[in-house]
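For reference, the structure discussed in these notes is given below.
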């Protein structure tokens with residue numbers, strides 16, 4: 001089995017563009033890529049190269065019928081969803097249309113790590129709406145009739161915290177260059193280690209899964225780039241940037257307080273992220289509690305050893321040596 005024709009939804013988003021770049025530059029397989037983006041949105045930065053044909057198509061996914069989707073996906077071997085936010089629900093019609101068109105592989109927009117939140121002195125577990133939305137759609141994706149019947153297969157790909165999001169000044173402060181020093185916000189234990197993933201590594205992993213479809217058929221896979229603590233990140237950042245790095249350590253009680261009422265978050269941390277403040281407090285709290293990582297048997301870097309993980313050490317070394325002209 002081989003996949004050549006790929007439809008990528010959300011190709012101009014943060015994750016989608018990374019996947020498109022990896023597919024365009026894949027050395028083991030020449031892909032034809034149908035990059036699907038929202039109407040009147042910027043075209044992906046990767047549009048073509050010498051080995052790959054990339055076609056960009058604008059679609060209003062919230063107003064596209066299953067029949068129209070099936071027509072668009074005729075001749076496509078695999079569909080990759082890199083959707084997020086309100087449009088994520090369109091993934092249902094995408095998969096239905098893909099099944100009607102005879103698409104063989106579906107990769108839903110998982111790309112993370114979900115956690116059960118436990119309130120103090122409460123026997124029940126809770127899940128944040130952002131994680132629940134992904135879980136709900138993931139469940140539907142793998143229980144789809146086409147997958148049950150064997151007409152379509154799936155690949156679910158998880159990862160650690162995407163750590164090189166340039167737009168996230170609070171979540172990923174080390175991505176900023178116009179600062180005199182850095183502050184890393186920590187909830188809980190700064191020595192607790194967590195899983196992190198470089199976005200370009202993740203794009204390469206998706207491309208590898210499509211290049212070797214038998215390895216990733218009907219599989220739940222995960223790819224972390226590094227397993228490291230906030231204190232270790234701070235030490236590496238100070239070493240390579242030459243700037244002072246501060247650790248702003250808050251207690252887990254603060255996480256519980258903000259999850260219960262986001263207005264309780266410190267004012268200087270509100271509205272500083274594209275994510276709701278209660279969500280990133282929850283993520284940081286899971287990291288600081290030592291829960292934000294997967295054990296060895298649940299990670300699958302070994303399936304594609306050609307992908308060399310970009311550790312924080314490597315990332316900082318490249319980023320700050322480039323700035324200094326070294």
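The values are calculated or read from the model by the stated rules, or taken from the named source; none is laboratory data. Model, not experiment: these values are computed from the prediction. Glycine gets a Cβ as well: all are built from the backbone with ideal geometry, and neighbour counts include every protein chain shown.
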Among (1) surrounded by fewer than 19 Cβ atoms within 10 Å (Cβ to Cβ); (2) at pLDDT below 95, there is one condition residue 147 misses while meeting the rest; what is its number? (2)
Considering residues that are surrounded by 18 or more Cβ atoms within 10 Å (Cβ to Cβ), in contact (Cβ under 8 Å) with a residue 60 or more places away in the chain and either assigned to a loop (DSSP other than H, G, I, E, B) or on the phi > 0 side of the Ramachandran plot (or both), the number found within region 171-193 is 4
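Return the only residue of 229, 241, 273 being out of contact with any strand residue (DSSP E or B) (no Cβ under 8 Å at 6 or more places or on another chain), within 20 Å of residue 165 (Cα to Cα) and touching a residue at least 24 places away in the same chain (Cβ under 8 Å).
Answer to the check: 273.
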Please verify whether region 94-106 includes one or more residues that are touching a strand residue (DSSP E or B) at 6+ places or on another chain (Cβ under 7 Å) and assigned to a loop (DSSP other than H, G, I, E, B). yes
The conditions are (1) outside any strand (DSSP E or B); (2) in contact (Cβ under 8 Å) with a residue 12 or more places away in the chain; (3) within 19 Å of residue 279 (Cα to Cα); (4) touching a helix residue (DSSP H, G or I) at 6+ places or on another chain (Cβ under 6 Å), and residue 168 fails exactly one of them. Which is it? (4)
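State all residues of region 240-272 that are assigned to a helix (DSSP H, G or I) and in contact with a helix residue (DSSP H, G or I) (Cβ under 7 Å, 6 or more places away or on another chain); if no residue qualifies, say none.
240, 241, 252, 255, 257, 258, 259, 262, 264, 269
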Considering only region 166-214, state which residues are under 17 Å from the mean Cα position of the chain (by Cα), under 21 Å from residue 131 (Cβ atoms) and modelled with pLDDT under 95. 167, 168, 171
Of the residues 161, 132, which single one is surrounded by fewer than 17 Cβ atoms within 10 Å (Cβ to Cβ) and either within 18 Å of residue 286 (Cα to Cα) or in contact with a helix residue (DSSP H, G or I) (Cβ under 6 Å, 6 or more places away or on another chain) (or both)? 132
Which residues, counting only those in region 1-44, are part of a helix (DSSP H, G or I), over 19 Å from residue 86 (Cβ atoms) and in contact with a helix residue (DSSP H, G or I) (Cβ under 7 Å, 6 or more places away or on another chain)? 18, 19, 21, 22, 23
Can you pull out every residue in region 195-220 that is in contact with a strand residue (DSSP E or B) (Cβ under 7 Å, 6 or more places away or on another chain), in contact (Cβ under 8 Å) with a residue 40 or more places away in the chain and surrounded by 21 or more Cβ atoms within 10 Å (Cβ to Cβ)? 195, 196, 199, 201, 202, 205, 206, 209, 210, 216
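Find the residue count for region 207-239, including only residues that are in a loop (DSSP other than H, G, I, E, B) and touching a helix residue (DSSP H, G or I) at 6+ places or on another chain (Cβ under 9 Å).
Number of matching residues: 6.
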Under 7 Å by Cβ, and 6 or more places apart or on different chains, what pairs join a residue from region 36-52 that is at pLDDT below 55 with one that is not in a loop (DSSP other than H, G, I, E, B)? 48/54; 49/24
Any residue in region 285-297 that is modelled with pLDDT under 95 and crowded, with 17+ Cβ neighbours inside 10 Å? no
